[in-house]
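The values are calculated or read from the model by the stated rules, or taken from the named source; none is laboratory data. None of these values were measured; they are calculated from a predicted model. Heads up, the Cβs are rebuilt from the backbone with ideal geometry, glycines too, and the neighbour counts pull from every protein chain shown.
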Amino acid sequence: MKAPANILTAATVTGFMFGPSPVTITVAVTASLMPDIDTPQSTAGRIPIVPSLINTIFGHRTATHSLTALIITSLAVKTVSPELALAWAIGYGIHILLDMLTPQGVMFFWPYSAWVGTGILKNGGIFEVLYTLALAALNTTSVWGKTLWTETAKKLIEHVGSLIPS
Ligand SMILES: [Zn+2]
């Protein structure tokens, strides 16, 4: 799946679960992009060297799209912030789940090399576009969406304001 589908799904799910928290939503959205660090063409793959290296060693949608990676990265986040580990796991898991809906699927049980995919959604196809638009509409037109993003923006502005010395 493309970055907008992952970002909107992660933001919507964590918004529903945890309410308007800029930090939680940012962590979940970041996590939702990280599995694609295994391909230089992705949003997360724009950092130098690492994506090409991972892609050469493991290939696309293998190690970074696995239950193993989900657990290891979530535990790593938990050592830094136990409160944010669940948001990370949700964001990361959403990416893997969405990629499982495509025909290619993912190597979910890596290092076991079986591919898990359903073929319900074609990557970048019309249903992915419609799904992304539906989520965008939910987040911008619904009372819930407007409240979530207004409150998130308010909290973010308050947080940034508190960082500026008076
Ligand atoms: Zn992916």
What are the pairs with Cβ atoms under 7 angstrom where one residue, in the stretch 122-145, is at pLDDT 85 or above and among the hydrophobic types (A, V, I, L, M, F, W, C) and the other, located anywhere, is part of a helix (DSSP H, G or I) and surrounded by 12 or more Cβ atoms within 10 Å (Cβ to Cβ)? Sequence gap at least six, or different chains.
Leu135/Leu8; Leu135/Thr9; Leu135/Thr12; Ala136/Leu8; Leu138/Thr12; Leu138/Gly145
Is there a residue in the stretch 64-73 that is in contact with a Pro (Cβ under 6 Å, 6 or more places away or on another chain) and touching a residue at least 40 places away in the same chain (Cβ under 8 Å)?
yes
When (1) under 19 Å from Met1 (Cα atoms); (2) touching a Pro at 6+ places or on another chain (Cβ under 6 Å) are applied to Glu151, the one that fails is (1)
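Which one of these is small (Gly, Ala, Ser) and in contact with a Gly (Cβ under 8 Å, 6 or more places away or on another chain): Gly161, Gly124, Gly117? Full working, then the answer.
On the way: Gly161 fails: in contact with a Gly (Cβ under 8 Å, 6 or more places away or on another chain); Gly124 fails: in contact with a Gly (Cβ under 8 Å, 6 or more places away or on another chain).
Just one listed residue meets the conditions, Gly117.
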List the number of the failed condition for Ile37; all other conditions in (1) without any contact (Cβ under 8 Å) to a residue 24 or more places away in the chain; (2) buried (at least 16 other Cβ atoms within 10 Å of the Cβ) hold.
(1)
If you go through the stretch 102-109 one residue at a time, do you hit one that is of a type outside the set (Lys, Arg), buried (at least 18 other Cβ atoms within 10 Å of the Cβ) and more than 12 Å from the ligand (Cβ to nearest atom)?
no
So if I check each of Ala28, Ala76, Ala11, which one is of a type in the set (Gly, Ala, Ser), out of contact with any helix residue (DSSP H, G or I) (no Cβ under 6 Å at 6 or more places or on another chain), more than 22 Å from Gln104 (Cα to Cα) and assigned to a helix (DSSP H, G or I)?
Ala76
Would you mind telling me which numbered condition in (1) touching a Pro at 6+ places or on another chain (Cβ under 9 Å); (2) assigned to a helix (DSSP H, G or I); (3) of a type in the set (Gly, Ala, Ser) Gly119 fails?
(2)
Taking Gly93 as meeting all but one of (1) at pLDDT below 95; (2) touching a helix residue (DSSP H, G or I) at 6+ places or on another chain (Cβ under 7 Å), write down the number of the exception.
(1)
When you check Leu86 against the structure, is it among the hydrophobic types (A, V, I, L, M, F, W, C), part of a helix (DSSP H, G or I) and either at pLDDT below 90 or surrounded by 16 or more Cβ atoms within 10 Å (Cβ to Cβ) (or both), yes or no?
yes
Among (1) surrounded by fewer than 19 Cβ atoms within 10 Å (Cβ to Cβ); (2) of a type in the set (A, V, I, L, M, F, W, C); (3) within 20 Å of Ala3 (Cα to Cα), there is one condition Val143 misses while meeting the rest; what is its number?
(3)
